[in-house]
Amino acid sequence: MLPEQGSQHARHVDTLFMALFWLNVFFFVLVAGLAIYCVYAFKRREGVKTPHITHNLALELIWSVIPTMLVIGVFFWGAAGFLDYSVAPGNSLEIAVTAKKWNWTFTMPDGSVYGKNIQIPVNTNVKFVMTSMDVLHDFYVPAMRVKHDVLPNRYTEVWFNAEKEGTYHLACAEYCGKSHSDMFGSIKAVQPAEYEKWLVDGPPEWATMKPEELGKIAYEAYGCNTCHSVDGTKNTGPTWKGLYGKTEKFSDGTTTVVDEAYIKESINIPGKKVVSGYENQMPAFEGQIKPKLFEGLIAYIKSLK
Amino acid sequence: MADILTSPHAGADVHHGKEIDYIEAKKGIWSWMSTVDHKRLGLMYFWAVVANFIVGGIFALLVRITLLTGNHGDNYFINAETYNRFFTLHGIVMVFLVIIPSVPAALGNFVLPLMLGAKDVAFPRMNLASFWIYIVGWTMAITAICLGMVDTGWTFYTPYSSTTNGPVSLMALAAFTLGFSSIFTGINFIATVHKLRAPGMGWFDMPLFVWSIYSTSLIQVLATPVVGITLVLLTIERAWGIGVFDASKGGDPVLFQHFFWFYSHPAVYIMILPGMAIISEIIPTFSAKTMFGYKAVAYSSVAIALIGFLVWGHHMFPSGQSQLASLVFSFLTFLVAIPSGIKVFNWLATMWRGNIAMDTPMVWAVSFLLLFTIGGLTGIFLGSLSTDIHLHDTYFVVAHFHYVMMGGTITAFLGGVHYWWPKMFGRMYNEGPAKIAAYLYFIGFNVLFLSQFVMGSNGMPRRYYNYLPEFQPWHIASTVGSWIIAAGLFLALGNLLASLRKPKDAPDNPWKGTTLEWQTQSPPIEHNFHDQPVLHRAPYDYRTPVSVDREIH
Ligand code: HEM
Ligand SMILES: [Cu+2]
Ligand SMILES: [Cu+2]
């Protein structure tokens, strides 16, 4: 009746679900049993006079008070499970989720970006911070019994802790148009070591991509595109078009020919040499970009003639 | 004709030499179009509701046929976009054109003034206006369907609805217009109940039907304006790009949901209270026993109507509303469940030691009891926060609201139609097929929707065109159920229509009811009663025997 249980939270939800299920069965059998019993036991016979019973206070109190107590109990039980699911523990691994008709994009803590299928470490609190680029979507992982809308104008959160290794289905549970039902993904829980390896190697398709293609992914994933253009237009930072090999002038009056070493330095410690005409506004990326993507960035900048 | 004589009631006392009734009183199409007679308006609403139910039902069957498979490929004859339009139109037609007007506007219009011993509703012309506004709204909705249909779901959630193509604005304005029809009817009924009760009829001498319809009217008048203005804001946003709900224009999509459910939750009580209204009539009549806990049932209706305004947020637990709000809404939701539960127990207690005749209306009423109980009980899963998070927007919800809206209201409506049919048309229908239809419906219903509970708790989201293969057996079962229920419904309709070809053979009080509508001719004369009737017996008072003839003339 219920999908596989991927977390402790799922087990708690299921306990309540099953308790409610039996509560339902009990009351249904009671009501249906009485109704059907009446239909047979008090079948119409002509000339029978029925008793004139207008009410019975004791009986009415019983059937008002007992259900009220029961549902208040259910309320607290459900609320407890809800509260324990709705705030992510402080030490959670944070994954950013972007929903867009009809795709999920994940940005991992190291800044790498994946579509649709990701891996997470097992037995770890994982928090998803989500936003939408267009209409409402909803992040639903049935095995974890978690679900939360993804909104275009704010960040919402969902978290869980996968107890077992396995691949868990992710579905969109808020109607979003034509391919709503095809907007799914998968979250694979693996041992932490395997997860680390997957992070370094990136998704399988990276293995076959050219460095400059990886660089382009990194250019968007790490937000370089918010300050640097690739078509020559001036932005918060200088354009990357024609950057490689050019002689750069700095605000302290010195110059350098742009080579790989300079690019590496500019990314890791941008404040060391500030290009003349620009402010020292670039955040330092030292240690934040995966080696593979770092190589890719350099190759990408080189390719922009 | 022959079989009608074998029915327990018909042969007994067929009134001969009836007076001119309201149907014969005037002739010609114009006499119908311009009528201010509540009975004729009720009848016109009735046929409109039946026609719309068929349209909405066809969309439902198409949705179910599509879902026979969960992997459609690119060339399936119903594509994803068409599928989305089908479930949207099914929802819109069923909610705005069928269920909201079904009991109040169709049966309520016909029965309410009769039950009060009144000549008509308080504002007969307004009643006519309300009908024509309904027709205008209906025309707008049908135009929108013809112009290429709408794919927003009946909930019109933003920003999808502010950005998708199609005549969404026209459809929203259609719903807006239909709202006015419903407000007019509500105002009319409130005034009628306050002002036109027969001499001697105090508030607690009113039939419970009247109490429920009165509560429904209160909600209609108080809540409908909110959805009206919401839909207008949506239209403005679409037309002029003014950001109200669309985040990319600075609006807030969650605000739309609050507005929408502020109406639409009370609206589910607009839908269910009238169903309860009918059941509270049928059960005492066919048990020939007084209503147990009359006051509890009467107060429950009003309590449901009022607390029902405070629980809308239970549709939004995973939406991003504040946690505190979710806690409060969950708590209040449980409280509003109690009065509904109390009613079920009161109906059972009424049947207890009764003298129960399982005629067709009672078969429908017992079906109602069973189906509505399932609908109500499964609501506990959805009111409880942690389980709702898992079940929200899955087939579990689809099954739940069908058990309440269809298993509750539509079942009661069909019971009511079979109950008052002799009064409305002056004919008894054939009991055999009528009962077979009711049983088919009951079986089909459970096959159709029980399977959806299983899928839903297993995590099958709703509004899905494609789905995982593991769900297919349940989807197939559900679709087969939809055919069984369709067969039952067509049989019921055909059987009722067939009765219209017979001469008027219904006695004035075929079921030995105690309320005033049975104290006039079947069908009633144009002015309902010859003189102002005076309450001669409290409703559901079976201490003295009731006959199939009327007791007051
Ligand atoms: C012949 C009987 C019926 C069948 C087979 C049927 C079937 C369905 C199906 C398959 C859906 C789509 C579920 C989804 O994917 O979300 C649906 C939705 C719905 N149905 Fe029915 N239904 C029936 C009768 C009714 C009745 C009588 C009502 C109202 C009184 C009703 C109200 C609704 C509503 C409001 C929706 C939601 C539409 C939406 O998601 O926008 N249905 N129904
Ligand atoms: Cu979606
Ligand atoms: Cu609600």
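The values are calculated or read from the model by the stated rules, or taken from the named source; none is laboratory data. Because the structure is predicted, anything quoted here is derived from the model rather than measured. Heads up, the Cβs are rebuilt from the backbone with ideal geometry, glycines too, and the neighbour counts pull from every protein chain shown.
Each row is one residue, and each column tells you yes or no for (1) within 33 Å of the chain's Cα centre (by Cα); (2) part of a loop (DSSP other than H, G, I, E, B); (3) at pLDDT 90 or above.
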| site | (1), (2), (3) |
| --- | --- |
| A:170 | yes, no, yes |
| A:175 | yes, yes, yes |
| A:187 | yes, no, yes |
| A:263 | no, no, yes |
* Asked: Taking region B:521-540 only, how many residues are surrounded by 16 or more Cβ atoms within 10 Å (Cβ to Cβ) and in contact (Cβ under 8 Å) with a residue 60 or more places away in the chain?
  -> 13
* Structure fact -> Just one listed residue, out of A:17, A:28, is within 7 Å of another protein chain (Cβ to nearest Cβ), on the phi < 0 side of the Ramachandran plot, aromatic (Phe, Trp, Tyr) and surrounded by 19 or more Cβ atoms within 10 Å (Cβ to Cβ), and it is A:17
* Some residue of region B:475-497 being more than 14 Å from chain A (Cβ to nearest Cβ), assigned to a helix (DSSP H, G or I), surrounded by fewer than 19 Cβ atoms within 10 Å (Cβ to Cβ) and away from ligand 1 (no atom under 15 Å from the Cβ) -> yes
* **region A:177-212 - residue that is in contact (Cβ under 8 Å) with a residue 40 or more places away in the chain and among the basic types (Lys, Arg) and, of those, surrounded by the fewest Cβ atoms within 10 Å (Cβ to Cβ)** => A:210
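State which residue is surrounded by the most Cβ atoms within 10 Å (Cβ to Cβ) when the search covers only region B:153-210 and only residues that are within 16 Å of ligand 2 (Cβ to nearest atom), touching a residue at least 60 places away in the same chain (Cβ under 8 Å) and in a loop (DSSP other than H, G, I, E, B). Full working, then the answer.
Kept after step one, since they are within 16 Å of ligand 2 (Cβ to nearest atom), are these residues of region B:153-210: B:153, B:155-161, B:163-164.
The next check asks that each one be touching a residue at least 60 places away in the same chain (Cβ under 8 Å); those that pass are B:153, B:155-159, B:161, B:163.
With in a loop (DSSP other than H, G, I, E, B) added as a condition, the list becomes B:153, B:155-159.
On the way: B:153: 18, B:155: 20, B:156: 23, B:157: 22, B:158: 30, B:159: 25.
Across region B:153-210, the extreme among qualifying residues is B:158.
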* To do: Would you please name the residue that is farthest from ligand 3 (Cβ to nearest atom), looking only at residues in region A:141-162 that are charged (D, E, K, R) and surrounded by 24 or more Cβ atoms within 10 Å (Cβ to Cβ)?
  => A:145
* Looking at this structure, is residue B:71 touching a residue at least 40 places away in the same chain (Cβ under 8 Å) and either out of contact with any helix residue (DSSP H, G or I) (no Cβ under 9 Å at 6 or more places or on another chain) or more than 9 Å from ligand 1 (Cβ to nearest atom) (or both)? -> yes
* To do: State yes or no: is residue A:114 more than 14 Å from chain B (Cβ to nearest Cβ), outside any helix (DSSP H, G or I) and either out of contact with any His (no Cβ under 7 Å at 6 or more places or on another chain) or within 28 Å of residue A:14 (Cα to Cα) (or both)?
  => yes
* Structure fact -> Over region A:117-130, the set of residues among the hydrophobic types (A, V, I, L, M, F, W, C) and either within 15 Å of ligand 2 (Cβ to nearest atom) or in a strand (DSSP E or B) (or both) is A:118, A:120, A:126, A:128, A:129, A:130
* Structure fact -> Note on region B:211-241: residues surrounded by 22 or more Cβ atoms within 10 Å (Cβ to Cβ) and of a type outside the set (A, V, I, L, M, F, W, C) are B:212, B:214, B:215, B:216, B:217, B:220, B:224, B:230, B:237
* With respect to the numbered conditions (1) away from ligand 1 (no atom under 16 Å from the Cβ); (2) more than 14 Å from chain A (Cβ to nearest Cβ), which one is the sole condition not fulfilled by residue B:542? -> (2)
* Asked: Being closer than 30 Å to residue B:514 by Cα and either surrounded by fewer than 23 Cβ atoms within 10 Å (Cβ to Cβ) or aliphatic (A, V, I, L, M) (or both), is that true of even one residue in region B:252-268?
  -> yes
* Asked: Do you know which residues across region B:389-435 are within 15 Å of the chain's Cα centre (by Cα) and among the β-branched types (Val, Ile, Thr)?
  -> B:404, B:409, B:410, B:411, B:417
* Enumeration of residues in region A:131-146 that are farther than 16 Å from residue A:178 by Cβ and either within 9 Å of ligand 2 (Cβ to nearest atom) or not assigned by TED's automatic domain parsing to the domain that holds residue A:99 (or both) -> A:138
* Structure fact -> Contact list, first residue from region A:150-169 and assigned by TED's automatic domain parsing to the domain that holds residue A:192, second anywhere and part of a strand (DSSP E or B) and among the aromatic types (Phe, Trp, Tyr), beta-carbon distance below 8 Å, six or more apart or interchain, is A:150/A:139; A:157/A:128; A:158/A:128; A:158/A:139; A:159/A:128; A:162/A:168
* To do: Output the residues belonging to region A:58-76 that are in contact (Cβ under 8 Å) with a residue 12 or more places away in the chain and at the interface with chain B (Cβ under 7 Å from one of its Cβ atoms).
  => A:74
* Return a yes/no flag: does region B:256-269 have any residue that is facing another protein chain (nearest Cβ under 8 Å) and in contact with a helix residue (DSSP H, G or I) (Cβ under 8 Å, 6 or more places away or on another chain). => no
* To do: Kindly indicate whether residue B:152 is away from ligand 3 (no atom under 16 Å from the Cβ), within 26 Å of residue B:234 (Cβ to Cβ) and in contact with a Pro (Cβ under 7 Å, 6 or more places away or on another chain).
  => no
* Failed item, numbered, when residue A:40 is tested on (1) free of Cβ contacts under 8 Å to residues at least 12 places away in the same chain; (2) surrounded by 12 or more Cβ atoms within 10 Å (Cβ to Cβ) -> (2)
* To do: Run residue A:138 past the list (1) more than 10 Å from chain B (Cβ to nearest Cβ); (2) farther than 23 Å from residue A:192 by Cα; (3) buried (at least 19 other Cβ atoms within 10 Å of the Cβ) and report the number of the one that doesn't hold.
  => (1)
* Filter result for residue B:340 (away from ligand 2 (no atom under 16 Å from the Cβ) and either within 23 Å of the chain's Cα centre (by Cα) or within 7 Å of another protein chain (Cβ to nearest Cβ) (or both)) -> yes
* Would region B:425-443 turn up any residue that is closer than 30 Å to residue B:315 by Cα and crowded, with 20+ Cβ neighbours inside 10 Å? -> yes
* Taking the options B:300, B:287, name whichever one is at pLDDT below 90, away from ligand 3 (no atom under 16 Å from the Cβ), within 11 Å of chain A (Cβ to nearest Cβ) and under 30 Å from residue B:418 (Cβ atoms). => B:300
* To do: Considering each of B:302, B:254 in turn, give the residue that is under 19 Å from the mean Cα position of the chain (by Cα) and assigned to a helix (DSSP H, G or I).
  => B:302
* To do: Identify the residue in region A:42-57 that is at the interface with chain B (Cβ under 9 Å from one of its Cβ atoms) and aliphatic (A, V, I, L, M) and, among all such residues, is nearest to the chain's Cα centre (by Cα).
  => A:53
